[in-house]
Amino acid sequence: MSSRRLCVGVVAGAHGIRGGVRIKSFTAVPADVGAYGPVSDEAAARAFAIKVTGEQKGVVLAKLDGITTRDAAEAMKGMRLYVERERLPAAGPEEFYHADLIGLDCTLAGGAAFGRIAAVWDFGGGDSLEIERPDGTTIMMPFTHASVPVVDLAARRVVLDPPAGLFERPDPPAPLADQEAVAAELLGEAAP
């Protein structure tokens, strides 16, 4: 594993009057945001031990060492929390840390270069890869075994097998007058 730091969560706001915080966890098990030892801010200037106290509405409730007032907790809002990569468990088979995927080269199943992974997103329907093309445009690709059959972290590349039609641009719509004529024909009416 590399010596990079990975973001395991972000402080979403204060909870209560005694310095509690709400943390949006990025770990597989949300409460594990505090399981890997102290976290630090993005600059690694401040470190905090996390004591998880509960979960509520998609966030982890916690206490951070040294944060004892609501004002101090509110000042933490938006702070990303990082841990050293070495403290995280190894990814299982067919599992990947998003940070390991970002920057990988993408080739199509036939071997043609396609771009580079710029980001990994989850909009609720499963992970998607944002791929930056050589011309600077980006394209979204579902991150499924069928669409990305090969992930080779050692070679820093993935192989893409996009679903049929994913990259095809649709024809522009017909002029409005033509659309109205077709609609009238389908409805059995005279065209306007």
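Of note:
- Check on residue 83, buried (at least 17 other Cβ atoms within 10 Å of the Cβ), touching a residue at least 60 places away in the same chain (Cβ under 8 Å) and among the β-branched types (Val, Ile, Thr): yes
- Scanning the range 104-122 for residues that are under 17 Å from residue 91 (Cβ atoms) and surrounded by fewer than 15 Cβ atoms within 10 Å (Cβ to Cβ) yields a single hit, 122.
- Residues of the range 60-80 that turn out to be within 18 Å of residue 29 (Cβ to Cβ) and buried (at least 20 other Cβ atoms within 10 Å of the Cβ), as a count: 2
- Condition met for residue 101 (of a type in the set (A, V, I, L, M), in contact with a His (Cβ under 9 Å, 6 or more places away or on another chain) and surrounded by 15 or more Cβ atoms within 10 Å (Cβ to Cβ)): no
- Any chance residue 118 is part of a strand (DSSP E or B) and modelled with pLDDT of 90 or more: yes
- Residue within the range 33-42 that is modelled with pLDDT under 95, closer than 25 Å to residue 126 by Cα and in contact with a helix residue (DSSP H, G or I) (Cβ under 6 Å, 6 or more places away or on another chain) present: no
- The listed residue being in contact with a Gly (Cβ under 9 Å, 6 or more places away or on another chain) and either part of a loop (DSSP other than H, G, I, E, B) or modelled with pLDDT under 95 (or both), out of 53, 27: 27
- In the range 91-114, the condition of being in a strand (DSSP E or B), of a type in the set (Gly, Ala, Ser) and either farther than 29 Å from residue 37 by Cβ or without any contact (Cβ under 8 Å) to a residue 40 or more places away in the chain (or both) is met by at least one residue.
- Residue 174 vs. criteria out of contact with any Asp or Glu (no Cβ under 9 Å at 6 or more places or on another chain) and of a type in the set (Gly, Ala, Ser): yes
- Search result, residues across the range 123-168 that are assigned by TED's automatic domain parsing to the domain that holds residue 107, exposed (fewer than 12 other Cβ atoms within 10 Å of the Cβ) and acidic (Asp, Glu): 135, 152
The values are calculated or read from the model by the stated rules, or taken from the named source; none is laboratory data. This structure is a prediction, so every number in the text was calculated from the model and none was measured. In this analysis, Cβ positions are derived from the backbone assuming ideal geometry, glycine residues included, and neighbour counts consider all displayed protein chains.
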